[in-house]
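Asks: Structure incoming, see below.
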Amino acid sequence: MFTGFFYTLRDEKVPVTPTEWMTLMEALDRGLAGGSLSGFYYLARAVLVKSEAYYDRFDLAFRRYFDGIETSENLAGQVARWLQNALPPLKVDPAGRLPFSDWSLEELKRQLEERLAEQKEEHHGGSRWIGTGGTSPFGHSGYHPAGLRIGGQSGNRSAVKVAAERRYRDFRNDDTLNTRQFEVALRKLRQLSRNEEKPPDVLNVDKTIDATCRKGGMLELVWDRPRKNTVKVVLMMDSGGSMNPYAKLCSQLFQAASKVNHFKDIKFYYFHNCIYDRLFNDPFCLVKNSVRTLDVLRELDSTYRLILVGDASMAPSELLMVGGALDWGVENDEPGEAWLRRLAVHFTHSVWLNPIPEYMWPPAGERSYDTIGIIRGIFPMFELTVEGLERAVNKLKVNR
Amino acid sequence: MTGNIYSGTADYLVSEDLRNAVNISIALGRPLLIKGEPGTGKTMLAKSIADGLKMPLIIWNIKSTTKAQEGLYVYDTVQRLYDSQFGDRDVSDIKQYIKLGRLGEAFVSDRQTVLLIDEIDKADLEFPNDLLWELDIMNFYIPETGETVTARHRPVVVITSNAEKELPDAFLRRCIFHYISFPDEEMMGNIVRVHFPDLESKLLAEALKAFYWIRSLPGLLKKPSTSELLDWVQALVVGGIHPDRVVAEIPFLGVLLKKNQDFDQVLRRIHSPGGVQRQTVWAGNVRSGLRT
């Protein structure tokens, strides 16, 4: 039952698995939803959603699924009864509600609750049409839509309303992120550390004592491989004019990257729109404070993880033409694209983080659109959001 | 549903959705994973569940070096070696050198217990996965003695996380999850009341106004949390601050803000004309004459 809801959740990209779904079924079976839709809302959220980052998507899915529902096939038991009766009023046209507008809410609530209590007794185990049936004890024509709404109050509507409030919007992980979240995401690059590369040369005192004791006092030394992070990172950031709207975001990424001090080495360089034969040491991109890109490639071996940050948006000439560089004094005798490809070949692990939302990007390798498409064909590109950075970090962990 | 239904305790106010999550986790016998901003009472929840359900509370504090094995049992080989050399005890009885960990204790307890695994994200990435089997099946095997320790009563497991590390999916699938969101002004008022029952309402209202104003400032490095608010209220009471001064001056600001930059930012806003204006809008009834 409710299987449609499962797929609605998947559709909203809430990572629900059948295991959790079965747990929910078990819980429903035991009546943990308490027979109301708000009970079901909390139950389903607690069982199915495992991060506050998905609360908002859950709310959206919940609203989508339970707001528009009209058929009863997917629903069962008491929840179904509540749904069938409680939901239609959400669609009642405003004209039908007019007579209530001058009533106080408290009064309305009190009367309707009374009516609902009576109605429960009269229709106990009987007609499924609680709402419709509910009109008859009073015989009051205007009560019908409101009666349904109070039915919603105890069950359906409040849950949908809670869902509709989207209180957890701020926790979405595809929102752009703050320094702390950047740090947490970057810290995951630690998993990369390969212990196998080094000889076992660190004495494990605990295990040595343990092994020695197991041998009845004969010294038995236990050596471990050092658990050091071997990850080296080079971060190259676009500081061109089109990046200005994202300056704060980029500076947060910069702060996070420099704060996460678990990398073996981290280097920062800047460029203006595209990379040519010089990289800059500061965001002002002045030639007097720059280094030759070739020297950088010579100095940094290919195990450095390359993270490029930029909007990848420029005039096609800047990317594709000799001498296309925007700045005076930068004489590129090779097009920017050649330099980017050179970087991509040199650094075996590389990603491009783009602050422009992903849905605005043209497909990878698409050359006719704009430069994002071309650059996507060279570097795996990710959105500069928590989720994007996490995916980028995963990409950086495995060889392409 | 079993007879154990948690409904909050006098010293811990619980929201409806959190209460539901607790009861769902108890009924299904699944660990309850609690996340939330620091200072929202994650750890206190376990204590409150234990009090509310009249069960003993076992706390397992996780550190970066904690291994899953330690929660089950430790084989004290060093003690055994000593004993073999000094002949104090019969070393062939290995059982006496097996010391149960916190999880093991919860298993053998003759009453149902509440087990708090505090700050699970501090441990190694693999830590939660290493506990999967034991939390699921509720038993573990001690190869040294050939014993299997089985839980007599399935403990109520509460796990807290500060999201410093991502928890593994396999682990998450087995948990009931709840995120404690930061309390709104009304709820916070109730929370403060629990701790300071005799607090003057005017002072409380003003303190909350100032507190939520500070929290609403953009770009704070560390937002003040519940525990800081409680300390601050205490300071206001002890300092005998008049309620009218609370919003206008925010005395004892250092109790709320722990970072230099935050402190400076708030001070700037209090003293800049725009800041006071905004603050006045917030405070509503603070008359201009009270500004200093």
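Just so it is clear, none of the values below were taken in a lab; they were calculated from the coordinates. Computed from a prediction, not measured in an experiment: that's the story for all the values here. For neighbour counting, all protein chains shown are included, and Cβ atoms are generated from backbone atoms with ideal geometry for every residue, glycine included.
Asks: Which pairs, out of A:Lys188/A:Lys259; A:Lys13/A:Lys50; B:Lys35/B:Lys223; A:Lys397/B:Lys222, put more than 22 Å between their alpha-carbon atoms?
Replies: On the way: A:Lys188/A:Lys259 14 Å; A:Lys13/A:Lys50 13 Å; B:Lys35/B:Lys223 17 Å; A:Lys397/B:Lys222 31 Å.
The answer is A:Lys397/B:Lys222.
Asks: Would you kindly calculate the translational diffusion coefficient of the stretch B:193-247, applying Stokes-Einstein with the Kirkwood radius from alpha carbon pairs, for 4 °C and a viscosity of 1.567 mPa s, and quote it in µm² s⁻¹ without decimals?
Replies: Translational diffusion coefficient: 111 µm²/s.
Asks: What are the residues whose amide H is under 5 Å from the amide H of A:Phe382, where those residues sit 5 or more places off or on another chain and H is modelled from the backbone?
Replies: A:Trp352, A:Leu353, A:Asn354
Asks: Which whole-number percent gives the relative contact order of the stretch A:232-397, counting Cα pairs below 8 Å spaced six or more residues apart? Could you put the intermediate results ahead of the total?
Replies: Values: 303 pairs, mean separation 34.0, N = 166.
So the answer I get is 20 percent.
Asks: What average number of partner chain Cβ atoms lie no more than 10 Å from the Cβ of the residues making up A:46-59?
Replies: 5
Asks: Percent relative contact order of chain B, based on C-alpha pairs within less than 8 angstrom and at least six residues apart?
Replies: Reported relative contact order: 20 percent.
Asks: Additional query: Connecting C-alpha atoms closer than 10 Å in a GNM of chain B, tell me which of B:Gly39, B:Gly189, B:Gly146 has the biggest fluctuation.
Replies: Among B:Gly39, B:Gly189, B:Gly146, the largest GNM mean-square fluctuation belongs to B:Gly146.
Asks: Here is a follow-up. Out of all DSSP beta bridges in the stretch A:232-397, what portion is antiparallel? Express it as a percent rounded to 5. Before the final figure, lay out each step's value.
Replies: Working: 5 of 25 bridges.
Restricted to the stretch A:232-397, the bridges split so that about 20 percent are antiparallel.
Asks: Springs between alpha-carbon atoms under 10 Å, Gaussian network over chain B: tell me which of B:Arg268, B:Arg30, B:Arg111 tops the mean-square fluctuations.
Replies: Result for chain B, Cα springs under 10 Å: B:Arg268 fluctuates most.
Asks: For A:Val202, which sequence-distant residues (separation of 5 or more, or a different chain) have an amide H within less than 5 Å of its own amide H, given hydrogens modelled in the peptide plane?
Replies: A:Asp224
Asks: Based on alpha-carbon centroids, what's the gap between the stretch B:47-112 and the stretch B:127-165 in Å, whole number please?
Replies: 13 Å
Asks: Further question: Search the structure for amide H atoms under 5 Å from the amide H of A:Met236, placed 1.01 Å from N in the peptide plane, and list their residues when 5 or more places away or on another chain.
Replies: Distant-sequence amide H within range of A:Met236: A:Tyr269, A:Ile307, A:Leu308, A:Val309.
Asks: May I pose another question? Determine the shape class of the stretch A:232-397: with a ≥ b ≥ c the square roots of the Cα gyration tensor eigenvalues, call it rounded for a/c under 1.5, and otherwise prolate if a/b is greater than b/c, oblate otherwise.
Replies: rounded
Asks: Still on this structure: Got a sec to turn the phi values of the stretch B:100-112 into Karplus ³J(HN,Hα) couplings, 6.51 cos²θ - 1.76 cosθ + 1.60 with θ = phi - 60°, whole Hz, x for Gly and Pro?
Replies: Per-residue couplings from phi come out as 6, x, 5, 5, x, 4, 4, 5, 8, 4, 7, 10, 5 Hz.
Asks: Given the options B:Tyr179, B:Tyr212, B:Tyr82, which has the most mean-square fluctuation in a GNM of chain B, springs set between C-alpha atoms less than 10 angstrom apart?
Replies: Result for chain B, Cα springs under 10 Å: B:Tyr82 fluctuates most.
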